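Everything on this sheet refers to the single structure shown next.
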Amino acid sequence: RKKAEILAEGLRRVGLEIRVPEVTFYFWQKVPASMTDVEFAEKLLAPNIGIVVTPGSLISDECEYKGRKINPGAGYVRFALMPKVEEIVKALERLGKGI
């Protein structure tokens, strides 16, 4: 829970819209409207940020919703809450300087 709260606060500080999950090892983050989930993931991989996330569109299947095909993961990236608290804090510092 503590890791999710720290990550949420750091993402909020850089201007991202967040929702803290109740219970999970993953944090699904909506990407900025000006980017796709893949573009945002690539931006986070830049050497000055160095954060690995998974683009949602690559790990979810297209499905039908209200008569149209959608990919529910599109527009989101998935952060894994596996690193130590200190590593999350350092990553968020790099994120704040890189975005």
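A short reminder: the numbers here are calculations on the coordinates, not readings from a lab. All values reported here derive from a predicted model rather than from experimental measurement. Glycine gets a Cβ as well: all are built from the backbone with ideal geometry, and neighbour counts include every protein chain shown.
Tell me, what ³J(HN,Hα) does each residue in region 45-54 have, in order and in whole Hz, if you take phi through Karplus 6.51 cos²θ - 1.76 cosθ + 1.60 with θ = phi - 60° and put x for Gly and Pro?
Values, residue by residue: 7, 3, x, 6, 10, x, 10, 9, 10, 10 Hz.
Could you give each residue of region 69-75 its phi-based ³J(HN,Hα) in whole Hz, using Karplus coefficients 6.51, -1.76, 1.60 with θ = phi - 60°, and x for Gly or Pro?
Values, residue by residue: 8, 9, 10, x, x, 4, x Hz.
Within the set of other residues whose C-beta is less than 11 Å from the C-beta of residue 69, count the net charge using Lys and Arg as +1 and Asp and Glu as -1.
Its environment carries a net charge of -1.
How far is the Cα center of region 7-26 from the Cα center of region 34-65, in Å?
16
For residue 26, enumerate residues with amide H under 5 Å from its amide H, sequence gap 5+ or separate chain, H modeled in the peptide plane.
81
For residue 3, list the lysines whose Cα falls under 16 Å from its own Cα; do not include residues on the same chain fewer than 8 positions away.
Once the sequence-local lysines are set aside, what remains near residue 3 is 84, 90.
Working from the alpha-carbon coordinates of the chain, get Rg over Rh, Rh being the Kirkwood radius.
With Rh from the inverse mean 1/r over Cα pairs, Rg/Rh is 0.98.
Tell me, what is the FRET efficiency for residue 48 and residue 69 to the nearest 0.05, using R0 = 30 angstrom and their Cβ-Cβ distance as r?
Details: r = 37 Å, r/R0 = 1.22.
After rounding, the FRET efficiency stands at 0.25.
Net charge around residue 12, counting only other residues with Cβ within less than 11 Å of its Cβ (Lys, Arg = +1; Asp, Glu = -1)?
Once positives and negatives cancel, what remains is -1.
Pull out the extension gain between residue 38 and residue 16, defined as 0.36 nm times the separation in residues minus the alpha carbon to alpha carbon distance; nm, one decimal.
Roughly 6.3 nm would be gained on extension.
Report the net charge of residues surrounding residue 94, where surrounding means a beta-carbon distance below 15 angstrom and charges are Lys +1, Arg +1, Asp -1, Glu -1.
Local net charge: +1.
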